[in-house]
Every structure is written in structure tokens, then in C-alpha cells.
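Here's the structure we're looking at; comments come further down.
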């Protein structure tokens, strides 16, 4: 009897993973559309061929993934997948990794330089106006936090202007991870200089010059890395290592 219990416990993780995978497929394929109530726990037990405990573990996993919503003991509903829910998941995953500022800048170069080039082709007048406002907010912001907020908003606005939602998603996550370092950089440069370092990027996008926008963004990111190397002696610059 004791051996049977041990075997049941050993099998539970794989059963739970399999149950999650089956329910994920139903959500992804649209068999369970957004807003629909999931079957009851009793129906899931029969449909999946697992215990009520495994069903509850699987539902909890889907809630954590942001695929369903609802309180314990009540019928769950399929939740729409939003950019914020994806960003939260990716942000949590990145916090578990040890990454240097240089690592993150390499990723930013790969993403943001190309995003800038695309923005030069695709940006709307509204995108350009918002980036103008971000630069003005960097210049006139009342404190360091507002300066960094405007800095990050500029980059996320430009990523959205690329027309590729994945650029916007990853850019948002990267800047969250780099916020502590950006505070140090912007503190050193000050409001006026920080604002002006973004101006060539915006002007290239405004001219619809994709090559110039790409070059201006790459130069900006390389300058950020150079500033960080000067501050390298400061421990835990990123706040993630």
C-alpha cells in the first residue's frame, strides 16, 4: 500500500503537466474561446482522466500563466492574452537569470536598432508627437524618476512605432530590467544631455531615413554601454545579478 502511494505521488507531476498541456491546446486552438467558462472540476476529472487534485494543480498553473481567471472553487473563464500579461511573464523569467548590462545592451542593439529603422518607415504622426513629448519630458522633468520614466517611454513608443508588437513587448521588459542602471546613467548625464542624446534618433525617424535611424540608435546604445563601463565599480548595477 505504501509503495502504491509513493508511485501515485511520483506520477502526479507528469499527470499535471499533461493536463495543463491538454487544456492549453484547447485554449490556443479556440476550442475554448476567450470568455468561455471552463468545464467544472468534475467534468475535467472525467475528460482528462485524472484526479481532482491534479485538475486543481493544472488550473492553478493556467491561472499563473494568465490563460484563465477566476477564484478557487468557482468556474474558470478563458482570459484574453494581453501584452501586459506576456510582459509580466517574460519579466519574471528574466529576473531569474544573471545578466550583465552588456548582455542586455547586446539584445537591445539587435532589437531597438532594427525597430528604429522600421519606425522610420512606419511611424505615424501620433508616434512622432509622443516621442517629441518624451524628449521634452526628459528635459523638463522635476526629478530623476520622471527623467528615467520619460527615457523609457521614448524607447517603448519608438518600438511601438515599428509596427511590430513583439519589439514593443521585449523593449518594455528589457527596460524594466535595466531601470537601476538607467537611473545611474541619467543621473550622471542630467536632464538636458539625456534629452539631446535621443534627438538624432527622432529626427532620423521623422525624415523617414531608416539607415540613419538605425545608426543613431546603435550609437545611442553604445554610448550607454560606455557610460556603464565607467560606473562598473558600482556593485549590482542592474539589480538583477
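The values are calculated or read from the model by the stated rules, or taken from the named source; none is laboratory data. For clarity, every value in this text was computed on a predicted model and none was experimentally measured. Reconstructed Cβ throughout: ideal geometry from the backbone, glycine too, with neighbour counts over all protein chains shown.
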If we keep just the residues of segment 101-121 that are surrounded by fewer than 15 Cβ atoms within 10 Å (Cβ to Cβ) and touching a residue at least 12 places away in the same chain (Cβ under 8 Å), which is nearest to residue 194 (Cα to Cα)?
-> 102
Checked segment 27-40 for anything out of contact with any strand residue (DSSP E or B) (no Cβ under 7 Å at 6 or more places or on another chain) and modelled with pLDDT of 90 or more; matches are 31, 39, 40
All but one of (1) at pLDDT 85 or above; (2) assigned to a loop (DSSP other than H, G, I, E, B); (3) surrounded by 15 or more Cβ atoms within 10 Å (Cβ to Cβ) hold for residue 66, so report the exception by its number.
-> (1)
Would segment 202-213 turn up any residue that is closer than 21 Å to residue 102 by Cα and part of a helix (DSSP H, G or I)?
-> no
Those residues of segment 150-192 that are over 19 Å from residue 124 (Cβ atoms) and free of Cβ contacts under 8 Å to residues at least 12 places away in the same chain come to a total of 1
Do we find that residue 129 is crowded, with 23+ Cβ neighbours inside 10 Å and out of contact with any strand residue (DSSP E or B) (no Cβ under 8 Å at 6 or more places or on another chain) in this structure?
-> no
